[in-house]
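The values are calculated or read from the model by the stated rules, or taken from the named source; none is laboratory data. All figures in this text were calculated on a predicted structure; none of them were measured in a lab. Using ideal geometry, Cβ is built from the backbone for each residue, glycine included, and neighbour counts are taken over all protein chains shown.
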Amino acid sequence: MKTTIRSVNGIEYRYQTKAVKNLNLHVTAQGQVWVSAPRGLAPERADAFVASRAGWIAQARQRALERARQDALPPPDPRQALALFTQVSEEIFPLFATVLGGQRPRLLVRDMKTRWGSCSPGRRQITLNLRLAAKPRPLVEYVVLHEYCHFIHPDHQAGFWALMESLMPDCRARRRALRLGDGEEKGAKPGPEPRKG
Ligand SMILES: [Zn+2]
């Protein structure tokens with residue numbers, strides 16, 4: 001698979017053609033822009049696609065930078081993190097007390113690389129990322145509530161999101177704010193053929 005480096009409107013990107021149906025745009029954690037395109041697509045159409053996503057690319061790069069900055073910080077103190085998570089959990093628990101038979105879930109704190117939290121409904125246990133404690137409180141609330149909702153809906157199907165939205169109407173905005181640096185936009189249709197001449 002050949003990779004070429006192209007540039008449009010000051011945005012440099014790595015371009016590959018392969019067996020894909022659509023144009024895919026990906027910004028790596030290092031801020032590099034990659035585009036994969038269906039074989040035979042005129043590269044000018046990839047240029048037009050990248051140019052049309054300039055705002056999104058700038059945002060994804062900003063998030064990547066922010067993530068790199070945060071990764072360089074020392075992790076929060078685990079005891080303080082647990083105290084914060086316990087406080088937030090105490091506010092949410094009453095909503096789920098019936099489902100949980102009146103018993104509080106066990107909270108664990110771990111330095112995790114790829115997720116903010118997880119839930120083991122069978123063990124009545126919520127694990128939270130140590131680094132979540134460094135985030136603004138509304139985002140901590142989002143993750144703790146998200147994990148509580150898994151006591152009712154173990155998956156992320158419509159029922160899960162309906163419950164989240166009924167309890168936290170702005171949950172999607174908080175979720176977006178939590179997204180990590182790595183950004184990607186999949187499955188965009190190739191734009192119109194650029195005019196020749
Ligand atoms: Zn989940």
Can you find a residue in region 97-106 that is within 14 Å of the ligand (Cβ to nearest atom) and surrounded by fewer than 14 Cβ atoms within 10 Å (Cβ to Cβ)?
no
Filter pass, Pro43 being surrounded by fewer than 16 Cβ atoms within 10 Å (Cβ to Cβ), over 25 Å from Arg179 (Cβ atoms) and in the same structural domain as Ile126 (by TED's automatic domain parsing)
no
Yes or no: region 44-59 includes at least one residue that is without any contact (Cβ under 8 Å) to a residue 24 or more places away in the chain, assigned to a helix (DSSP H, G or I), away from the ligand (no atom under 16 Å from the Cβ) and within 30 Å of Thr3 (Cβ to Cβ).
yes
Residue list for region 13-26, restricted to those being in a strand (DSSP E or B) and either of a type in the set (Lys, Arg) or under 14 Å from Pro43 (Cβ atoms) (or both)
Tyr13, Arg14, Tyr15, Gln16, Thr17, Lys18, Leu23
Do the conditions hold for Phe49, that is, is it among the aromatic types (Phe, Trp, Tyr) and in the same structural domain as Thr114 (by TED's automatic domain parsing)?
no
